[in-house]
Amino acid sequence: MTSVFNFLSNKKQQVLFISLLWALLAILINPVGEFPFNDDWAYAQSVKVLVEKGTFFFSSWTAVNLIAQIGWGALFCLPFGFSFTALRISTLVAGLFGLWGTYQLLDKATDSRKTAFIGTLLTLVNPLYLNLSATFMTDIPFYALTVWSLSYLVTGLKQDSTRQLIIGLLLAVVALLIRQFGIILFVGFSVAYVARKNFAVKSLVVAFASALTGVLVQAIYQKWLEHVLEGTGHVYNAQANNFLHLSYYKLQLIAGFIHNTFIALMYLGLFMFPYFLLLLTKSSQSAFRKNIGLWLLLTGIVIGLWQYFFDGMNMPIWWNTISAFGLGPVLLRDIYFRLYGFPLPSLLYFITVCSTICSLLGSVGLLFYMVRAVKYLARWPLSVPQRTIGILMVSVGGIYFFPLGLQGLFDRYLLLLPVLIIVLVHIVQQNFGENQTDRPRRLPLYLSIGLFVAYALFSVTGTHDYLAWNRVRWQALGNLMKDGVLTTQIDGGFEFNGWYLYESRFKPTPGKSWWWVHDDTYVVGASVLPGYSLFQQHKVDSWLPWGMTHVIIGKKNEKAPLKSTS
């Protein structure tokens with residue numbers, strides 16, 4: 001890693017390298033395919049109506065603001081008409097902008113091209129990042145706008161530049177019009193601005209105006225949306241409305257928050273571990289020796305909570321985007337309801353054990369640096385620009401995570417946090433006398449490089465396979481419909497039934513999947529369910545030797561005579 005950095009020491013070279021690497025990964029995963037992922041079938045419907053009819057449509061399944069993403073996706077559909085491939089390319093482009101924004105934020109916040117380059121590579125190889133970039137989900141566009149907004153806010157706070165701050169807040173408006181979480185940028189900036197300027201009247205007015213701007217943008221948009229969606233039974237803002245009811249705040253909520261916080265810690269530890277290895281230098285050894293008691297305490301806490309919450313379960317402990325068998329949520333009846341489990345080969349078990357060790361060690365490292373960050377940020381006065389940047393990162397990250405920890409957590413929600421943590425770690429190193437120009441120790445360096453490569457390989461192979469089996473799945477479903485099978489006779493999984501059969505007032509039938517299944521004569525999955533016989537089996541051209549290597553269509557036994565094809 002150090003030798004790569006020395007070769008790519010120029011900022012333009014680093015950004016070009018990151019861009020070319022991203023383009024290569026995008027080609028390798030093969031994003032072509034006319035099918036949705038996860039919730040993006042609902043988002044795609046909005047783009048389809050806008051492109052083909054020129055009118056605005058908002059699926060009642062949609063719970064995010066989305067409007068800015070609809071416009072972004074429509075731009076990529078205009079040349080050749082609506083397609084899921086065009087939408088996927090739009091997100092891959094947003095992913096590239098997100099990498100550029102990550103580099104810009106880290107460069108401006110740390111004044112270190114080395115930190116900016118390594119931190120951006122860490123984002124690039126994060127399995128969440130590439131997989132979500134191959135969808136039309138809101139995570140990547142929101143991430144890209146957030147890091148760009150933060151980069152301008154950081155510059156504005158450091159240079160006391162009104163122009164930079166205005167640009168940052170305008171980008172925050174666009175981020176807010178994709179996801180409600182964009183409000184974190186306005187509130188986080190308000191806290192940081194007061195820290196930068198102290199509690200003067202002018203600074204309080206500016207801070208209040210920033211927070212109020214975010215609230216007004218959200219309120220105006222929500223009122224407009226309620227008018228547009230009147231009578232459609234939409235679920236928009238349902239989660240946010242929970243916070244307005246006192247009955248929501250129960251003792252179980254506190255336990256759930258601690259549980260979710262530990263899940264986040266384990267995942268962030270895994271994502272950050274390759275970066276922490278690079279911090280193991282000669283100068284960091286003295287910090288380790290001085291804080292040996294703290295290290296032992298944190299290690300005991302992490303291992304104890306891991307045993308308490310998960311009985312020593314291997315990573316991944318919370319499946320959504322990342323699973324032991326690949327990437328991407330598999331929303332099929334047999335997998336979703338745990339009616340079938342993939343076999344766990346010895347090699348895969350070894351990989352999950354290694355991932356768990358990395359996660360535990362990374363969690364301890366993360367807690368260590370966060371404790372030191374709190375010690376530094378608690379010092380007064382709070383007018384130092386560097387400390388202001390730290391407070392901005394803590395405010396944005398804390399406000400972002402709080403509702404997630406209370407209501408439920410998906411691994412993809414953690415995508416924003418590593419870049420904020422890198423900034424905080426850099427500040428801690430600077431202010432606790434650690435020499436950031438020291439070369440990392442040889443063994444940690446080699447381990448870090450190996451993990452960067454391993455994460456990249458898993459990102460590419462897992463995303464490729466997720467696209468490949470969905471391609472086969474939707475082709476098989478298309479052939480069923482060509483043969484005269486009605487969509488109402490198929491349980492094709494969440495995305496298929498959502499795209500074709502979504503109804504806001506649909507009531508699930510006991511014994512059937514909840515995702516708008518009318519008649520489950522045909523069920524798509526990874527296995528043949530009880531009461532079904534094999535109807536079709538299709539091989540998937542997968543790169544990983546485990547997981548979804550076949551798409552199976554089962555047919556109810558009491559129906560027409562069975563047949564089997566391969």
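Of note:
- For the range 169-191, residues that are surrounded by 24 or more Cβ atoms within 10 Å (Cβ to Cβ) and either more than 22 Å from the chain's Cα centre (by Cα) or part of a loop (DSSP other than H, G, I, E, B) (or both) total 2.
Residue-wise test of (1) at negative phi; (2) surrounded by 21 or more Cβ atoms within 10 Å (Cβ to Cβ); (3) not aromatic (Phe, Trp, Tyr).
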{"residue": "Phe288", "(1), (2), (3)": "yes, no, no"}
{"residue": "Leu296", "(1), (2), (3)": "yes, no, yes"}
{"residue": "Tyr308", "(1), (2), (3)": "yes, no, no"}
{"residue": "Gly312", "(1), (2), (3)": "no, no, yes"}
{"residue": "Pro316", "(1), (2), (3)": "yes, yes, yes"}
{"residue": "Pro329", "(1), (2), (3)": "yes, yes, yes"}
{"residue": "Leu344", "(1), (2), (3)": "yes, no, yes"}
{"residue": "Leu366", "(1), (2), (3)": "yes, yes, yes"}
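- Residues considered: Ser59, Ser83. Of these, the only one that is more than 18 Å from the chain's Cα centre (by Cα), buried (at least 22 other Cβ atoms within 10 Å of the Cβ) and hydroxyl-bearing (Ser, Thr, Tyr) is Ser59.
- Ser151 vs. criteria surrounded by 24 or more Cβ atoms within 10 Å (Cβ to Cβ) and among the hydroxyl-bearing types (Ser, Thr, Tyr): yes
- In the range 286-314, the residues that are in contact (Cβ under 8 Å) with a residue 60 or more places away in the chain form Cβ pairs under 7 Å with partners that are of a type outside the set (A, V, I, L, M, F, W, C), at six or more places apart or across chains, as follows: Ala287/Glu434; Val302/Ser363.
- Sole residue being crowded, with 19+ Cβ neighbours inside 10 Å and in the same structural domain as Pro127 (by TED's automatic domain parsing), chosen from Ile18, Ile27, Ile67: Ile18
- Set Ile357, Ile391: member being closer than 29 Å to Ser448 by Cα, at pLDDT 95 or above and assigned by TED's automatic domain parsing to the domain that holds Leu122: Ile357
- Counting the residues of the range 521-539 that are in a loop (DSSP other than H, G, I, E, B) and surrounded by fewer than 20 Cβ atoms within 10 Å (Cβ to Cβ) gives 6.
- Matching residues in the range 26-69 - criterion: being more than 30 Å from Leu544 (Cβ to Cβ), assigned to a loop (DSSP other than H, G, I, E, B) and not hydroxyl-bearing (Ser, Thr, Tyr): Gly54, Phe56, Phe57, Phe58, Trp61, Ala63, Val64, Asn65, Leu66
- One residue from Leu420, Leu367, Leu406, Leu331 being in contact (Cβ under 8 Å) with a residue 24 or more places away in the chain and part of a loop (DSSP other than H, G, I, E, B): Leu331
- Qualifying residue in the range 290-297 (condition: modelled with pLDDT of 90 or more, over 23 Å from the mean Cα position of the chain (by Cα) and within 30 Å of His550 (Cβ to Cβ)): no
The values are calculated or read from the model by the stated rules, or taken from the named source; none is laboratory data. Since we're looking at a predicted model, the values are computed, not measured. With ideal geometry, Cβ positions are generated from the backbone for all residues, glycine too; neighbour counts draw on all protein chains shown.
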